[in-house]
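Note sheet for the following structure.
The values are calculated or read from the model by the stated rules, or taken from the named source; none is laboratory data. The structure presented is a predicted model; accordingly, all values stated were derived computationally and were not measured. When we count neighbours, we look across all protein chains shown, and the Cβ atoms used for this are built from the backbone with ideal geometry, even at glycine.
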Amino acid sequence: MSIRSIILAATVAGGLLAADSTVAEARKLVTAKKYDEAIASLEKAQKANPKAADVQKGLAEAHLAKADAFMNDEALPPRMKYPQALRSYRAVLQYDKGNKKAQQGIETIEGIYKQMGRPIPQ
């Protein structure tokens, strides 16, 4: 094995370890309901390694948790929680196109707006 191959392997392994620790830390932040911090951390990791599947999955999970938190926050009035949740559910689909829970959340919120005869927020 050449020195170049060893350096390349070490660089790739280091990047994977960094992504794993970032995802683990982001999951802790999500558990602590610090969604924006988790998302920011994962987005930074994604820029460094755009094809990291665990980072993509972590971003989908963080956005889904944030959306669910808005939807389930009874202290927030609908005019505040629905647009925020809708944006977060849509963000989930950027990272996990087949996420059924995000799709259902979008359908629910859009249905509410349609029933009220109001435009759906973008």
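Observations on the model:
- Among the residues of the stretch 86-122, just one is surrounded by 18 or more Cβ atoms within 10 Å (Cβ to Cβ), touching an Asp or Glu at 6+ places or on another chain (Cβ under 9 Å) and over 12 Å from Leu64 (Cβ atoms), namely Leu86.
- Matching option when the condition is at pLDDT 95 or above and among the hydrophobic types (A, V, I, L, M, F, W, C), among Ala18, Ala69: Ala69
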